[in-house]
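Q: I'd like to ask you about the structure that follows.
Please treat every number below as a calculation from the coordinates, not as lab data. Because the structure is predicted, anything quoted here is derived from the model rather than measured. In this analysis, Cβ positions are derived from the backbone assuming ideal geometry, glycine residues included, and neighbour counts consider all displayed protein chains.
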Amino acid sequence: MQARYASSEEQVLWPSKPELHYGGFADDFHANRAFLARGQRQRIDMYSVMLCLFVPWLLFVVVYALVAFKLHFWSAALCWGSAALVLLLVVVAGGFAARSMYRKLTNNGVAPNWYAFLFLTMVISWVMGAVLGQMVFWTYMQPYYMYVSMHQYTGVDPLAERGASYMDGGRFAFVDGAALDLRRSMGFKNEDTYCVAPISLNDRIGVDEPDEYDFWAVGLGCCSGNANDFHCGAYADTTAHAGLRLMADEQRAFFRLAVRQAEATYGIKATHPLFVYFVADPDAEMASFAEQGTKWFLIGMFVHFGWQCLAVGLAARGFAKLGHF
């Protein structure tokens, strides 16, 4: 009888065909064939690789953008509600992964699969997108959106005007001649040093000095406590006559304590102190927040894509060794 070799399709279906047994030889022969087939490297499933490469990364980008940018500022509830909807995709991927692993375990005991990898990396992507988005939002984008949404005032006289009239201001352009009275600066030490200096007018510093100041320049770690050596922001820039409002609520109480120390030390008053960063161009300073936030968003996108490529490459290599493509 002429021997006939099985085609590739027949080799795949070999175990389901009825066999003739001659002294156990057929059993040993086919057992060895099955073992060798499982140990062979199989072709890479490019569809699964591309799916696991781009879906988690795109999910990261979507969650990152939702949390980092304007939707979060408009409505935190809408922001996190949208992120929760994206999380449903992760749950769906988890369902496919569980079903796939169950089938493999009940059929041939093979546990590793691309669905499980996809689910795991989607979970990581969602969490990282939310965490990094929070960092970018609170550090850069939230102050920027607040500056944009608040009023901009020009021609403000720091001595004639009271701070209570400008509580909705985000950017201030003071009158020409506005300058810091560095002789009346003060610092309050609480881990960091919170530095303050009253904003006055050049022609009033040292001559006919007022008793009340409501506009104060602030800085962190740019003075030496009680000594009047304020060197924060544009303190030495003679062209600087503007201020950018302090937005960090957690710092405001400590700057207020520094002002109280200045009141007690110099015999002055600050009824409604308003804290600003003394700058030359408040618009450029405001725009730098948006630029920094966008920069870190793009860096996060590229770094996460690199990490995803690495993870997929390692998974493909591991699955290839196990023969589970």
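Q: When the Cα centres of the range 71-98 and the range 291-305 are compared, how far apart do they sit, in Å?
A: Value for the Cα centre distance between the two parts: 21 Å.
Q: Next up: Could you give the distance between the Cα centres of the range 170-230 and the range 44-66, to the whole Å?
A: Using only Cα atoms, the two centres lie 52 Å from each other.
Q: If you don't mind, there's one more thing I want to ask. Distance in nm between label sites at Asp192 and Lys321, each 7 Å beyond Cα in the beta-carbon direction?
A: Result: 4.7 nm between the two label points.
Q: Taking R0 as 30 Å, what's the FRET efficiency between Arg204 and Ala253 from their Cβ-Cβ distance, rounded to 0.05?
A: About 0.55, to the nearest 0.05.
Q: Now, a different point. Percent antiparallel among DSSP beta bridges with both residues in the range 151-280, to the nearest 5?
A: 70 percent
Q: Using square roots of five times the C-alpha gyration tensor eigenvalues, list the equivalent-ellipsoid semi-axes of the range 187-325 in whole Å, biggest first.
A: In descending order, the three semi-axes are 50, 17, 11 Å.
Q: Given a Förster distance of 25 angstrom, what is the FRET efficiency for Met50 paired with Val303, based on the Cβ-Cβ distance and rounded to 0.05?
A: Calculated transfer efficiency: 0.80.
Q: Say each of Thr239 and Ala264 gets a label point 7 Å from the Cα, pointing the same way as Cα to Cβ; how far apart are those two points in nm?
A: Result for the modelled spin labels: 4.1 nm.
Q: I want to check the label-to-label distance for Val148 and Val91. Put each point 7 Å from Cα in the C-beta direction and report it in nm to one decimal.
A: So the two model labels end up 3.3 nm from each other.
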